[in-house]
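J.: Sharing a structure below in structure tokens format, with a few things to ask.
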Amino acid sequence: MTIDARNPEGKALSPADRSRMIGEALRQAARVSRFSNPNKSTIRTIRAQRRRDIVTPLLFLFLFVIPSLGSAVFFGLYLSDRYVTEARFALRPAIGGAEKAAPDSVGTTSSIPSQMIAQDSMIVGEYIKSRTMIETLERTLPLRKMFSRDDIDHYSRFDPEKPIEKLVRYWGERVKVGVESSGLIEVAINAFDPDDSLSLSRAVLAESERLVNQLTERARNDALAESEREMKRAEARLTRLHLAVRDLRNRDGVLDAQKTNDTNLKMVAEIRSQRIGLAVKLSLLQRDLRDDSRSIQDLKAQIVQLDETIARIEREAANQDPEQRRVLSATLTKFEELDAERKTAEKYYAATIAARERSRMIADRQIEFFSMIVEPVRAESAQQPRRTLYIAISIAVSALAFGLSVLIRKALA
């Protein structure tokens, strides 16, 4: 750039004017150079801001790096291995015993309702996680010692000095119970040793089977006791009517010999028909059961009782005086009422005998079976904790937290 050393009139400039003009030219050149290259100043500004921004690296460190490394150490190295033993079983009714029960004429049931199976399945599922189950296991297994060994990490280890309420809560974390709508029950127990897990599973299954047997046994015994009480009441009623008829005959005599004889024959025929039915049933049972079994002994006792009843009726009929006649309408009416009530009582008594026999047969057999579907086996490798999954989830959550923090800072800037 050249500077003319003459003024507009063509005269030479003085040194002072010449210095002033040179300074003004340099200032103009500097302004032109600055405005012609703005990117350099912008880059310098961005670099300066980056040097001053230390929040983002701190967020990256505390929200991503440290949590990711911590989860990798915690889940990958610190937590102890847990071995899972699974078992599946179901409660199944005996053949012919799962029909819906309906009260019969004597107030008993000949079968169990299907709803009982579902209810017992829920009871067993809750019982496995209950305090009673833990107390039962502690009587046979060192339960507290299994979960408080020194090789278990402090986070998963149970303090053996804690009360049983804490152990119940801890047991809920070690056992998983699932009851499906089909009645299948799945039990999964995790422990820190494969042998401990297997021992606990077997003990839990044995105690669950004992509970099922106890529940059905009580129901069966209650049904049998009710049947026996009803049979005794029916027998007492029939005996009372027999005595009332006998007293009426002895007091007023036989009103109609032929009618009395026909009545006696009819009653004897009904009792004999009952005896024949019991005899046939006895012969059928003797094919499968021994003579000293309870069912056979009860049938024989019933047959003997019916024979005695037949013999007593025949003796009473023989002891009547056929020549005795007393035509009294009131007495005849009373006799007919007692006779009709006696026949009804005999039919009811026969029904109670059959109901008692059914209850006896149900009480003598198991009506609900504990059926094992999948037997527990010893685990060969640790299934828990799922280290890779938990570490991946932790890293993903940390990355999400860091990304959200950066977006929030930019939105607030």
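Let's see how each residue does on (1) more than 24 Å from residue 74 (Cα to Cα); (2) of a type in the set (Gly, Ala, Ser):
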{"residue": "128", "(1), (2)": "yes, no"}
{"residue": "134", "(1), (2)": "yes, no"}
{"residue": "146", "(1), (2)": "no, no"}
{"residue": "153", "(1), (2)": "no, no"}
{"residue": "158", "(1), (2)": "no, no"}
{"residue": "162", "(1), (2)": "yes, no"}
{"residue": "178", "(1), (2)": "yes, yes"}
{"residue": "190", "(1), (2)": "no, no"}
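J.: Taking the residues in segment 173-228 that are among the β-branched types (Val, Ile, Thr), over 30 Å from residue 153 (Cα atoms) and in a strand (DSSP E or B) as candidates, determine which candidate is nearest to the chain's Cα centre (by Cα).
T.: Selected residue: 179.
To keep it simple, each residue is scored yes or no on (1) touching a Gly at 6+ places or on another chain (Cβ under 7 Å); (2) in a loop (DSSP other than H, G, I, E, B); (3) at pLDDT 80 or above.
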| site | (1), (2), (3) |
| --- | --- |
| 317 | no, no, no |
| 324 | yes, yes, no |
| 362 | no, no, no |
| 378 | no, yes, yes |
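J.: In the set 304, 280, which member is hydrophobic (A, V, I, L, M, F, W, C), modelled with pLDDT of 80 or more and surrounded by fewer than 12 Cβ atoms within 10 Å (Cβ to Cβ)?
T.: One residue alone meets the criteria, 304.
J.: Looking at this structure, is residue 382 at pLDDT 70 or above and part of a loop (DSSP other than H, G, I, E, B)?
T.: For residue 382, the condition - at pLDDT 70 or above and part of a loop (DSSP other than H, G, I, E, B) - is met.
J.: Also, quick follow-up: Name, by its number, the condition in (1) free of Cβ contacts under 8 Å to residues at least 60 places away in the same chain; (2) of a type in the set (Lys, Arg); (3) under 30 Å from residue 353 (Cβ atoms) that does not hold for residue 174.
T.: (3)
J.: Does segment 114-123 contain any residue that is assigned to a helix (DSSP H, G or I) and modelled with pLDDT of 90 or more?
T.: no
J.: Quick one: which residue in 196, 150, 222 is touching a residue at least 24 places away in the same chain (Cβ under 8 Å) and of a type in the set (D, E, K, R)?
T.: Testing whether each residue is touching a residue at least 24 places away in the same chain (Cβ under 8 Å) and of a type in the set (D, E, K, R) leaves just 196.
J.: Follow-up question, since we're still on this one. Write out, first by first residue and then by second, each pair whose Cβ atoms fall under 8 Å of each other, whose residues are 6+ apart or on separate chains, and whose first residue, in segment 289-304, is in contact (Cβ under 8 Å) with a residue 24 or more places away in the chain and closer than 16 Å to residue 276 by Cα while the second is surrounded by fewer than 12 Cβ atoms within 10 Å (Cβ to Cβ) and of a type in the set (Lys, Arg).
T.: As it stands, the answer is none, since no pair meets every condition given.
J.: Another one. Restrict the check to segment 179-196 and report whether at least one residue is of a type in the set (S, T, N, Q) and touching a Phe, Trp or Tyr at 6+ places or on another chain (Cβ under 7 Å). Give the steps one after another, and end with the answer.
T.: So in segment 179-196, the residues of a type in the set (S, T, N, Q) come out as 181-182, 190.
Retained after the next criterion (residues that are touching a Phe, Trp or Tyr at 6+ places or on another chain (Cβ under 7 Å)): 190.
Yes - at least one qualifying residue is present in segment 179-196.
The values are calculated or read from the model by the stated rules, or taken from the named source; none is laboratory data. Source: prediction; values computed, not measured. Every residue, glycine as well, gets a Cβ built from its backbone with ideal geometry; the counts of neighbours run over all protein chains shown.
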